[in-house]
Structures are given as structure tokens and as C-alpha cells.
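Undergrad: My questions all concern the structure below.
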């Protein structure tokens, strides 16, 4: 197969979607062992192109990238106008896989996409209207796809119920864990024991409830929050996880929740929101707590510290289930089934 894969999210500092795009692309390369041709494509900005090129270093994919001014507007206009077809820039292909950044037109071949979560459709009042419009348009385009990937069974069920896409057209491809996330290696040092959370001021990430929980803990443990650190490059995260006594993930809603599995892979006990969107990431290896209840989160932190060794052992075993090679294999099989 010749697979045209949209990599435009990699033209911005990497967060969850970009990490998944890169991991899935690498996973497909590993799983195919050269038997399929991968084509990384997309219109990107002048400023974003170096980031994208750096992210793709070492990935065995043909690059069909176009540098344009006003890249976001260009991607949306291309999607809405429905012309010219992607073959004009990429050449012929068997599969076109677009992300939630654009939905380019195509003449032929399998049409595929990935849905990370339907938060913008379920909670539009919490997000910027432009974000809601963009994600709503892309989610609706998924109805026209031959195969739709979801990063969790929870999200797959959401897609069926919300978008009325038949379950047989959906493939669940959990995210993988990069090898850098492991127990051994550098550890961040704050000069005292700390808990780490990737929570931010974003409503969904729920930093305010964690801070309220820390007032319940009476200074037993410092709180280090990603929302206070600003953007942290992906390569710095393992040391932040490893240095922590406990990892706290209080999200109100997720697609999957990859930071939970990353923290487990680093050998850190985890306190995780009890929202069902986190069930697959947490497995039976985390202490769960109501994300709206500061007292419950504080009690869960104490429990996790008391059960440190047990939770670390369970977490390491759970994290080993998630590999990018398996993510890539599921993508390749999904494309092949749709041909």
C-alpha cells in the first residue's frame, strides 16, 4: 500500500495529537518493515516547517510538504472548497489518512481519519468557537470515511452514539509509550518530595481541584503542575515523572489519557480521575478518585503513597501493553480491510 498520512499537527509544539501522529507513523514503519510506502504530507507554515522536519527525523517516510503563508487558513479553505484533490500534491495512493486539522479531497483510494475524543462536540461551551467549528467539521467528515480510528473503546462508543458511524467501520488503536518512559534515567529534583500533575488551567484538565486537594494535604508533599511550568518539551517529561512520589491526573474528560500510562512506565504510582474515559489508561493499576471532589483526591494521594510498591508493579505491567508498533499494526490492518 501507498499511504498518504497527514502530519500537519507536527508543525506545532507537540502535545497529545502530535505525539500520536508521530508514534503511529513510526509504528506503521516498524510494523510494515518496508512492505508499505508511507508518505508524510500537508501544507505547513514557514515557522512550523522546521518543527515538523525535526519531528520526522529518522522516520522512513517520503515527505510531500508544502510551505504556505497562513497555513491554518489554507488547510481549512482546501477542506471546504474540495479541490484540488490530494493526488495533485502527493501522487497516487491507496490510502489517505487525515487528522483533525483538515479533511483534504481525494479522487480515489481508502479514506481514513482518527478521532481522539469528541470533547468539542460534547462541551462546546467550554471551548473557543473556532475550535468547536473546526473539530465539528472534521468529526462530521468521519462519516464519509471507509475506516475511522479511535484511541480507546470509550471513544469508539462515543463515535457510534454521537456520529452514528457503524461500529464495524471503527478500529481502536490505543496510543503507545515511547521507550524514553522507563524507570531508570534522570530524575527531576525540586529539593523536596513532590507530586507531579499534567493538569493545567484548561477546564477539562482540572488544575483548580488538585490545588484544593493540596490544601487538604497540609504541606506533606509539594505540587508540581505542568500548568505552572508552561510548555515542556516531550523529552523532558520522563525526568519529571520519575522524580515524583506520585502522579495525579484529575481530568474531567479524555479520549484516552496517555500521561497516565507514561507515568506508570516511569515507575510512578498514579491517582487518576474516576471518569470512565480514563478506564483503559488506568486499568487496575491506579487509585481512582472523583475529579470534582478535592477531599477524595487528597485521600487517593495518601492511599497511593501507602501502596507505592504494589501500584508501581501493577503500573509497569499495565504500561507494557501499549506499544507504537501495535498501534501501527492496527492502522495497517484497518487500511487493508477497507481496500
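Undergrad: Does residue 252 meet the test of being in the same structural domain as residue 287 (by TED's automatic domain parsing), surrounded by 14 or more Cβ atoms within 10 Å (Cβ to Cβ), part of a loop (DSSP other than H, G, I, E, B) and without any contact (Cβ under 8 Å) to a residue 60 or more places away in the chain?
TA: Yes; evaluated as a whole, the condition is true for this residue.
Undergrad: Then there is this: Against the definition (in contact with a helix residue (DSSP H, G or I) (Cβ under 8 Å, 6 or more places away or on another chain) and either outside the structural domain of residue 107 (by TED's automatic domain parsing) or in a strand (DSSP E or B) (or both)), how does residue 65 come out, yes or no?
TA: Yes, satisfied.
Undergrad: Look at the stretch 18-38 and say how many of its residues are surrounded by fewer than 18 Cβ atoms within 10 Å (Cβ to Cβ) and out of contact with any strand residue (DSSP E or B) (no Cβ under 8 Å at 6 or more places or on another chain).
TA: The number of residues fulfilling the criteria is 4.
Undergrad: Within the stretch 309-339, can you find the residues that are under 15 Å from residue 245 (Cβ atoms) and in contact (Cβ under 8 Å) with a residue 40 or more places away in the chain?
TA: Once the filter is applied, which keeps residues that are under 15 Å from residue 245 (Cβ atoms) and in contact (Cβ under 8 Å) with a residue 40 or more places away in the chain, the stretch 309-339 yields 311, 312, 315.
Undergrad: Out of the residues in the stretch 267-290 that are out of contact with any helix residue (DSSP H, G or I) (no Cβ under 6 Å at 6 or more places or on another chain) and assigned to a loop (DSSP other than H, G, I, E, B), which is farthest from residue 250 (Cα to Cα)?
TA: Only one residue tops the list, namely 284.
Undergrad: Next question. Do you know which of the residues in the stretch 170-197 that are surrounded by 15 or more Cβ atoms within 10 Å (Cβ to Cβ) and in contact with a strand residue (DSSP E or B) (Cβ under 7 Å, 6 or more places away or on another chain) is farthest from residue 265 (Cα to Cα)?
TA: My answer is 170.
Undergrad: Quick check on residue 219: is it over 24 Å from residue 19 (Cα atoms), in the same structural domain as residue 276 (by TED's automatic domain parsing) and either within 20 Å of the chain's Cα centre (by Cα) or surrounded by fewer than 16 Cβ atoms within 10 Å (Cβ to Cβ) (or both)?
TA: Taking the combined requirement at face value, the residue satisfies it.
Undergrad: Among (1) buried (at least 18 other Cβ atoms within 10 Å of the Cβ); (2) in contact with a strand residue (DSSP E or B) (Cβ under 7 Å, 6 or more places away or on another chain); (3) over 22 Å from residue 334 (Cα atoms), there is one condition residue 4 misses while meeting the rest; what is its number?
TA: That leaves (3) as the condition not met.
Undergrad: Have a look at 58, 18 and point out the one that is part of a helix (DSSP H, G or I) and under 23 Å from residue 262 (Cβ atoms).
TA: Criteria check complete, one pass: 18.
Undergrad: While we're here: Provide a single number: the residues in the stretch 33-54 that are touching a helix residue (DSSP H, G or I) at 6+ places or on another chain (Cβ under 6 Å), closer than 24 Å to residue 87 by Cα and assigned to a helix (DSSP H, G or I).
TA: 1
Undergrad: Select the helices (runs of 4 or more DSSP H) contained entirely in the stretch 71-155, then report the ones holding at least 1 residues which are in contact with a helix residue (DSSP H, G or I) (Cβ under 9 Å, 6 or more places away or on another chain) and touching a residue at least 12 places away in the same chain (Cβ under 8 Å).
TA: Here the list reads 71-81, 119-122, 129-141.
The values are calculated or read from the model by the stated rules, or taken from the named source; none is laboratory data. Note that the structure is predicted; figures quoted are calculated from it, not measured. Every residue, glycine among them, receives a Cβ derived from its backbone with ideal geometry; neighbour counts consider all protein chains shown.
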